[in-house]
1. For region 45-84, which positions are open to solvent by 50 Å² or more (accessible area, probe 1.4 Å) and among the acidic types (Asp, Glu)?
2. Quick check: anything in region 117-131 modelled with pLDDT under 95 and either open to solvent by 50 Å² or more (accessible area, probe 1.4 Å) or of a type in the set (A, V, I, L, M, F, W, C) (or both)?
3. Which pairs have Cβ atoms under 6 Å, sit 6 or more apart or on different chains, and link a residue in region 275-299 that is modelled with pLDDT under 95 to one that is open to solvent by less than 10 Å² (accessible area, probe 1.4 Å) and of a type in the set (A, V, I, L, M)?
4. So Lys255 ticks every box in (1) out of contact with any helix residue (DSSP H, G or I) (no Cβ under 9 Å at 6 or more places or on another chain); (2) open to solvent by 40 Å² or more (accessible area, probe 1.4 Å); (3) over 24 Å from Asp210 (Cα atoms) but one. Which box is left unticked?
5. How many residues, within region 218-240, are touching a helix residue (DSSP H, G or I) at 6+ places or on another chain (Cβ under 8 Å), closer than 18 Å to Gly127 by Cβ and in a helix (DSSP H, G or I)?
6. All but one of (1) assigned to a helix (DSSP H, G or I); (2) surrounded by fewer than 23 Cβ atoms within 10 Å (Cβ to Cβ) hold for Phe281; state the number of the condition that does not hold.
7. Any chance region 188-201 includes a residue that's open to solvent by 60 Å² or more (accessible area, probe 1.4 Å) and in contact (Cβ under 8 Å) with a residue 60 or more places away in the chain?
8. Of all the residues that make up region 124-163, how many are part of a strand (DSSP E or B), closer than 19 Å to Ala295 by Cβ and out of contact with any His (no Cβ under 8 Å at 6 or more places or on another chain)?
Amino acid sequence: MPNMQDLLSAGEGEETTSNCNNNMVGAEVQVEIKAGTGTGTAKAVVKQHFVFVHGIGGGGWCWYKVRCLMENSGYEVSCIDLKSAGIDPAHADSVLSFDDYNKPLIDVISSLPDHHQVILVGHSAGGLSITQATHKFPNKIRLAVYLAATMLKQGFLTHQDLQDGVPDLSSFGDVYELGFGLGDQQPPTSAIVKKEFQRRIIYQMCPPEDGTLAAMLLRPGPLLALQSARFTAENDTIDEVPRVYIKTIHDNVVKPHQQEAMIQRWPPSQVYVLDSDHSPFFSSPFLLFGLLVKAAASVVSPTCN
């Protein structure tokens, strides 16, 4: 098993530098809380809290390897099932708006105390979910991490957004099973990659048992809801939230040139690179864990009013 020093130095060098100092030790961070209107302050050491968000068709189960590593290292971890995903009872064909789809994440962030900040990690289409959450609750987001993810500040507003953020799997053939919850003459409401294509496209570098697990647990994703993801910002508060992008250089889904295009259009504070397919939580869990710890360590400690 790799040691912590190896994990913290994981990844290749496309990383911006940061001059921020922090007083975090491992999974804990020292938070300074101002006491009411007085002049005194109180300091408390709290666990850093990671909230993981899956991509289309996935679920909280995707993160089981990384969750184990993080919890064993003292971090607090939440893995969200968005609507119609994981063990959520809804069917994707009944989820027709992005707000409905993303409600489980928004409810979790909304329920947190005002002084509680989290590190959001979104994979693939989960990038849209964490972007919306950051628009709504910028003061509760300590860091937003985009893992091979759709990173568009305002969602799908333009043709360029669709070109950069929507996977193009046409080179693999007829790969999707589509659902038509509104009728055969209407646009499809759900999609899932056919089982015979899943390993070649999504999990080509993953252990076979993880590909088998995914084939058992993947569910159709709410295609129409995701296509409706659009975010209106009343101000640029979202740009005050640090962002990190983790590129996956053997990605057949969100291809490297798409990832680079989104990085150039909305530059994050740091970029890391993984020698991975689209599913590093299966194929490179130790390296991914190391990059997440490294990214968390790069953020200054918050002051909570």
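1. Glu71, Glu76
2. No, region 117-131 contains no residue that is modelled with pLDDT under 95 and either open to solvent by 50 Å² or more (accessible area, probe 1.4 Å) or of a type in the set (A, V, I, L, M, F, W, C) (or both).
3. Final answer for the pair search is Val299/Leu143.
4. If we test Lys255 against (1) out of contact with any helix residue (DSSP H, G or I) (no Cβ under 9 Å at 6 or more places or on another chain); (2) open to solvent by 40 Å² or more (accessible area, probe 1.4 Å); (3) over 24 Å from Asp210 (Cα atoms), just (3) comes out false.
5. 4
6. Of (1) assigned to a helix (DSSP H, G or I); (2) surrounded by fewer than 23 Cβ atoms within 10 Å (Cβ to Cβ), only one is false for Phe281: (2).
7. No, the conditions are met nowhere in region 188-201.
8. 6
The values are calculated or read from the model by the stated rules, or taken from the named source; none is laboratory data. Nothing here was measured: the structure is a model prediction, and the numbers come from that model. Quick reminder, even Gly has a Cβ in these numbers, built from the backbone with ideal geometry, and neighbours come from all protein chains shown. Just the protein is used for accessible areas: all its heavy atoms, side chains included, with ligands, DNA and RNA removed. Shrake-Rupley method; radii C 1.70, N 1.55, O 1.52, S 1.80 Å.
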